[in-house]
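First the structure, in the form of structure tokens, and then the observations on it.
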Amino acid sequence: MLSSMNDICNLVNIDSDSKAILIGRNFEVDGFCKRNIRIITHAHADHVIGLNKSIMYSKHIVSTPATYELVSELGYVNNSLKPVYRTKSILLDYFNRIDFDGEILEFYPVEHIIGSTQVRVLTDNYVIGYTSDFKLTKNTFIMKDLDVLIIEATYGDPVWRRPFKNDVIEYAIDILNEGLKKYGRVVVYGYYGKLQEFMKIIRDRGIDTPFLMNDKIYSITRIVEKYGWRIGNFYRLTFNTKYFDKYIVFEHMNKAKYRRIEGSVMNFVLTGREFEEPVRKIDEYTWLIALSDHADFDELINYVEISQPKLVIIDNSRDGYPYSLARELEKRGWKAIVMPP
Ligand SMILES: [Zn+2]
């Protein structure tokens, strides 16, 4: 049982400046705050904040093996610190645990980007879990028996619901096939990680059309293959396309504004910020695809209701609607605190 709020306040905090989630005595998660152990939940920019400082200051940096490789590939570590990063890194797999100074750290799988993990810490007779960013699918392990659940709140308001979320892939694949038939070429724009997720969706649907991509997207795709995603048949942009009658090009979201809209290709833009329709045509040759890596409002509530924590702490240091989520949870009988206030 929670003996007092004071105990919890000593064991969990979220620092507004560094955005570090502080758990127990040793751990700083996704931000730098002069703790012994830095945890990286996944390789998105808002979760590697202050990483170079942590590499200098902390005794160890803990992440999953895939996140370790992605963090290096995406250039988050200064070149001069790469040897230290290597030496201090501890790679922890899902469902494994490690003891730091009497505090137990465990990782649990979650659907977000490849390598993403949830964190569970057992300390001073309390069990504290942090979801980090997540989407609620069968691949997300729901942590139970928690005294405290720390949760993200990106879409924490009831207006952010995607009743159509199960239909997105069907629509997208139909339009993709139509685009390939009509133009022979489809260009997909999205962020690192989400592009690879879409590649996997396409392959899972039995479409083996060649993929072309720049060097960076190529390297990330090789990493996701190494960790078990079957992509195959992908090439660097410099590969001679005369051998292909049809192909799909993957480009970073930054290039979407320069896309061709003169009738030679069909464009796909992968976005998490679409709540009206599963797919939407924005010009004659471009479709927005509502492919999100974050739980919508209903999924956030479902996680809490299945997890049944004694207290919910909602992260207010990153984007989202923490106060709406706290209000909605309280309406449903949960005790919820927004941190930092
Ligand atoms: Zn993320």
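Since every read-out is calculated from the coordinates, none of them should be taken as a lab result. Keep in mind that this is a model prediction, so the values were computed, not measured. Neighbour counts run over all protein chains shown; Cβ positions are idealised from the backbone, glycine included.
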Once phi is turned into θ = phi - 60°, what whole-Hz ³J(HN,Hα) does the Karplus curve with 6.51, -1.76 and 1.60 give for every residue of the range 225-235, x standing for Gly and Pro? 5, 4, 9, x, 7, 8, 10, x, 6, 10, 9
Part-to-part distance (alpha-carbon centres) for the range 283-318 and the range 71-105, which is given in Å: 27
According to a simple spin-label model (label point 7 Å from Cα along Cα-to-Cβ), what is the distance in nm between E330 and K226? 4.7
Where in the range 220-250 is the amide nitrogen less than 11 Å from a point lying 7 Å along the Cα-to-Cβ axis of K138? none
If amide H atoms are built 1.01 Å from N in the plane of the peptide, which residues on other chains or at least 5 residues away come under 5 Å of the amide H of V338? I314
Residue by residue through the range 57-66, what is 3J(HN,Hα) from phi via Karplus (6.51 cos²θ - 1.76 cosθ + 1.60, θ = phi - 60°)? Round to whole Hz and write x for glycine and proline. 8, 6, 6, 9, 10, 10, 8, 6, x, 5
When the charge dipole of the range 118-202 is computed with +1 on Lys and Arg Cβ and -1 on Asp and Glu Cβ about the Cα centre, the Cα farthest towards its positive end, among M143, T154, L176, belongs to L176
Could you list V84, V269 so that the one with the fewest beta carbons within 10 Å of its beta carbon is first and the one with the most is last? V84, V269
Positive end of the charge dipole of the chain (Lys, Arg +1 and Asp, Glu -1 on Cβ, about the Cα centre): tell me which of T271, Y243, H47 has its Cα farthest that way. Y243
Using a 7 Å offset from the Cα along the Cα-to-Cβ direction at both D204 and I282, what is the distance between the two label points in nm, to one decimal? 2.4
Can you divide the C-alpha Rg of the chain by 2.2 N^0.38 Å and report the result to two decimal places? 1.04
Taking θ as phi - 60°, what are the ³J(HN,Hα) couplings along the range 326-341 by the Karplus curve (6.51, -1.76, 1.60), each to the nearest whole Hz, with x for Gly and Pro? 4, 4, 5, 5, 5, 4, 8, x, 8, 8, 9, 10, 9, 9, x, x
Can I get the semi-axes of the range 168-290's equivalent ellipsoid? Compute them from the C-alpha gyration tensor as square roots of 5 times the eigenvalues, in angstrom, largest first. 20, 17, 14
